[in-house]
Amino acid sequence: MEKEFKITFEAISNYDSLDDTEKKLFDAAKKIRENAYAAYSHFHVGCAILLENGEIITGSNQENAAYPSGLCAERTTIFWTAANFPDVKIKKLFVIGAPKDAVSSTPIPPCGACRQSILEYEAKQKEGIEIYFASLDGEIYKTRSIRDLLPFSFDSSYL
Ligand code: THU
């Protein structure tokens with residue numbers, strides 16, 4: 001029998017259609033993207049996390065000459081957040097990626113490893129994290145939970 005997953009996401013047409021909180025997150029992710037250390041890929045990514053206490057935590061991708069030793073913007077940011085605010089819930093995560101000097105409008109989704117890492121904290125806090133992903137321009141995609149980007153997700157319930 002063939003079965004299906006239903007995945008929903010919202011396509012927000014552009015920056016102007018975001019609400020004030022979302023605009024703050026977009027601006028924060030875009031600004032911290034300028035600090036990306038992407039000496040090898042030249043692909044710059046910024047991430048902004050909104051906590052339930054209203055704080056915004058930001059981070060960017062960090063590369064390494066030994067390539068796998070680098071880390072994506074999303075994990076840089078969520079690990080720092082979890083290390084410093086272990087008991088504060090994460091409400092939203094906004095990621096913006098684009099090649100260093102390119103004009104780009106295709107929403108850049110979190111990679112698989114970042115999805116898995118985000119899932120861990122979503123499961124831990126027992127509440128969904130709204131995920132937004134975008135490029136510098138154009139549409140912004142939003143999901144209600146990382147599970148929408150990770151069907152058949154593996155979590156601690158299987159252990
Ligand atoms: N990258 C991120 O920061 N987040 C993602 O979800 C995808 C990829 C970074 C990793 C690397 O520094 C560069 O983008 C190219 O893969």
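The values are calculated or read from the model by the stated rules, or taken from the named source; none is laboratory data. Not measured: the values here are computed from a predicted model. Cβ: placed from backbone, ideal geometry, glycine included. Neighbour counts: every protein chain shown. Heads up: the accessible areas ignore ligands, DNA and RNA and are worked out on the full protein's heavy atoms, side chains in. Shrake-Rupley method; radii C 1.70, N 1.55, O 1.52, S 1.80 Å.
Would segment 23-37 turn up any residue that is open to solvent by 10 Å² or more (accessible area, probe 1.4 Å), in a strand (DSSP E or B) and over 19 Å from Y141 (Cα atoms)?
Yes.
Name the residue that is farthest from the ligand (Cβ to nearest atom), counting only residues in segment 57-80 that are free of Cβ contacts under 8 Å to residues at least 40 places away in the same chain and open to solvent by less than 30 Å² (accessible area, probe 1.4 Å).
In this case the residue turns out to be I57.
Anything in segment 1-16 that is farther than 18 Å from S104 by Cβ, touching a residue at least 60 places away in the same chain (Cβ under 8 Å) and not in a strand (DSSP E or B)? List them, or say none.
The answer is F5, I7, T8, F9.
Scan segment 91-113 and report the pairs whose first residue is more than 8 Å from the ligand (Cβ to nearest atom) and whose second residue is open to solvent by 60 Å² or more (accessible area, probe 1.4 Å) and of a type in the set (K, R), with Cβ atoms within less than 6 Å and a gap of 6+ or a chain change.
Partner pairs satisfying both residue conditions: I96/K30.
If I filter segment 38-51 down to residues being in a strand (DSSP E or B) and more than 8 Å from the ligand (Cβ to nearest atom), which single residue comes out as most open to solvent (accessible area, probe 1.4 Å)?
L50
If you go through segment 99-109 one residue at a time, do you hit one that is under 12 Å from N61 (Cβ atoms), β-branched (V, I, T) and open to solvent by 10 Å² or more (accessible area, probe 1.4 Å)?
yes
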